[in-house]
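Engineer: Pasting a structure here, questions to come.
Any read-out appearing in this document is the output of simple, stated calculations on the displayed coordinates, not a laboratory observation. Small disclaimer: the values here were computed from a predicted structure and weren't measured. Cβ placement follows ideal geometry from the backbone for every residue including glycine, while neighbour counts extend to all protein chains displayed.
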Amino acid sequence: MEDNLTALSIAEQNLISKAILLLINQYPELPSGVKASWQYVDDKNPLAVFSQQGAVKLVEYLCMPGEDVFDGQFPFFILYRCKPTSVAQRMSKQNILDGLGEWIEHQEYPALTGGRTITAIERTTTSSLVGRLEDGSEEYQCNFNLTYEKR
């Protein structure tokens, strides 16, 4: 992180995290019974959102004392664990994450409190295989950057 950028507070990060989870869990093409969890994935919770380093105030504006007005960013990734048994299943499972990523970029974003507005959520990568586990499970990941303003 550059020296002149201020990290988002934990309260800011928590607020944005909740909005991301709310949005992802509204995706109509999630497999039956699957809901995104926060920073935890296992066989019963195969979809999770993870924060990344770089949650910062990109631009801080001069304002009245006590006011906090800025443009911020919150990088995150979505991890999907599955257990495909063929190439066709592998592609189908990866397509779930790709579809979710495309859907997120084109949604009406959830309302935030305190004068905050999400301005964009953009994929910074396509989904890709990031790991294979001993039990045959595979993990796919797609990275995003959420930008918002607080006025």
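Engineer: Rounded to whole Hz and in sequence order, give me ³J(HN,Hα) for the stretch 131-148 from the Karplus expression 6.51 cos²θ - 1.76 cosθ + 1.60, θ = phi - 60°, writing x for Gly and Pro.
Structural biologist: 3J(HN,Hα) across the stretch 131-148, in whole Hz: x, 10, 9, 4, 7, x, 5, 10, 10, 10, 9, 9, 9, 9, 9, 9, 10, 8.
Engineer: Taking the DSSP beta bridges in the chain as the whole, what percent of them are antiparallel, to the nearest 5?
Structural biologist: In the chain, approximately 95 percent of DSSP beta bridges are antiparallel ones.
Engineer: While we're looking at this one, here's another question. I'd like the distance between the alpha-carbon centres of the stretch 48-86 and the stretch 32-47, rounded to an integer number of Å.
Structural biologist: A separation of 20 Å, based on Cα centres.
Engineer: Okay, next question. Among 82, 56, 94, flag the residue with its Cα farthest along the positive direction of the charge dipole of the chain, charges on Cβ as +1 for Lys/Arg and -1 for Asp/Glu.
Structural biologist: Going by the Cα projections, it comes out as 82.
Engineer: Hey, another quick one. With axes computed from alpha carbons, what is the tilt in degrees of helix 10-24 against the longest principal axis of the chain, rounded to the nearest 10 within 0 to 90?
Structural biologist: 40
Engineer: What is the stretch 1-68's relative contact order, in percent, from Cα pairs under 8 angstrom and six or more apart in sequence? Mind dumping the intermediate values first?
Structural biologist: Details: 51 pairs, mean separation 23.8, N = 68.
Answer for the stretch 1-68 is 35 percent.
Engineer: I've got another one for you. Let me know the number of lysine pairs in the chain closer than 16 Å at the Cα, not counting same-chain pairs under 8 apart. Provide the component values of the computation, followed by the final result.
Structural biologist: Values: 18/35; 35/44; 35/93; 44/83; 44/93; 57/150; 83/93.
Going through the chain pair by pair, I get 7.
Engineer: Only Cα pairs under 8 Å and at least 6 apart count here; give the relative contact order of the chain as a rounded whole percent.
Structural biologist: This gives 23 percent for the chain.
Engineer: Averaged across orientations, what area in nm² does the convex hull of the alpha carbons in the stretch 95-151 project?
Structural biologist: Computing the convex hull of the Cα atoms and averaging its projections yields 5.0 nm².
Engineer: Suppose we look only past 29 Å in the calculated P(r) of the chain. What percent of the Cα-Cα pairs does that tail hold? Spell out each step's value before the answer.
Structural biologist: Working: 2555 of 11325 pairs.
Tail of the P(r) past 29 Å holds 23 percent of the pairs.
Engineer: Okay, which of the stretch 65-93 sit inside 19 Å, backbone N to the point 7 Å along the Cα-Cβ direction of residue 128?
Structural biologist: Inside the label zone: 75-82, 90-93.
Engineer: Which loop GluC sites (Glu not before Pro) in the stretch 63-106, with loop taken from DSSP, have no more than 10 other Cβ atoms within 10 angstrom of their Cβ?
Structural biologist: Loop-located and lightly packed - none at all.
Engineer: Compute the helix-to-body angle for 87-105: its Cα long axis versus the longest principal axis of the chain, expressed 0 to 90° and rounded to tens.
Structural biologist: Compared with the principal axis, the helix lies near 20 degrees.
Engineer: I need two numbers for the stretch 30-87: Rg to one decimal and Dmax as a whole number, Cα atoms only, in Å.
Structural biologist: Considering the stretch 30-87 through its Cα atoms, Rg and Dmax are 18.2, 60 Å.
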